[in-house]
Amino acid sequence: MIPSSRDVVLGRIRNALGPDRAARANAAVQRRSDIPVWTRPVFLDDDTERFIAKAEASFCTVERLASINGAGEAVERLLAVRGPDRDLSIAPSLIKMPWPQSWKINFGAGRLIEKVSITDALAGIAETGSLVFCSEASRPASLNFLPELHIAVLRRCDIVHHLEDIWPKVRALPVWPRAVNIVSAPSRTADVAQIVVRPAHGPKALHILLVEELP
């Protein structure tokens, strides 16, 4: 029987690999897992203080809380200047937190009508003051971008040194997210005539609740 073109090509590959094919395959797997680490800047200051300084330099506001139990009061103080409306959207991942009973809360994706959203971040990056969000059913990505005011809950222990340090956290998630969003500031652009415009494609303001611990 005349061998097919596919068999010919695969045969040539096998012959080229030689008798140590298994060893070559194992070496390829090892190279995939041993990701090279490039030179990264060394910081002498505290990661938390650096994160706060970088975030505030990018026009974010940061409030430190001892516990998530104080989040409701912190948000209420923030909203006091916005009027009586308390129609918010909050990520379902935060549904068990002690939010005020008087609020009208949508635990779900953005509805294009709410002015405020509250979500939790996977990590914060000390190097840049950025927040990392991973989309999933309990953390809709729309809540990070649709409302005028985005309030992000971040645990202090989730602050990492560099951008590269977030990927082990992403890989440790039970399900690989469809999107990983890195947010460094409220929405703005200077594409036209180098004139800064706020907002452009997202929230006008980004407020970070930096929590010492979660129950």
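What follows draws every value from the coordinates through simple rules; no lab data is involved. On a predicted model such as this, the values are computed, not experimentally measured, just so you know. Positions of Cβ are backbone-derived with ideal geometry, glycine not excepted, and every protein chain shown enters the neighbour counts.
Hey, rough spin-label estimate for Thr39 and Lys104, points 7 angstrom out along Cα→Cβ, what's it come to in nanometres?
Spacing of the two 7 Å Cα→Cβ label points: 5.8 nm.
Rounded to the nearest 0.05, what FRET efficiency do Ile2 and Ser184 give with R0 = 45 Å and r taken as the Cβ-Cβ distance? Could you check?
FRET efficiency, Ile2 to Ser184: 0.15.
As I understand it, the dipole of segment 47-211 uses +1 on the Cβ of Lys and Arg and -1 on the Cβ of Asp and Glu, about the Cα centre. Which of Met97, Ala74, Leu112 lies farthest toward its positive end?
In segment 47-211, that residue is Leu112.
7 Å from Cα along Cα→Cβ at both Arg82 and Cys157: what's the point-to-point distance in nm?
It works out to 3.0 nm between the two label points.
Can you sort Thr39, Thr128 so the residue with the fewest Cβ neighbours within 10 Å comes first?
Thr39, Thr128
Given the convex hull of the Cα atoms of the chain, what is a quarter of its surface area in nm²?
Averaged projected area of the chain's Cα convex hull equals 19.8 nm².
Which one of Val175, Asn144, Leu163 has its Cα pushed farthest toward the positive end of the charge dipole of the chain, where Lys and Arg give +1 and Asp and Glu give -1 at the Cβ?
Value: Val175.
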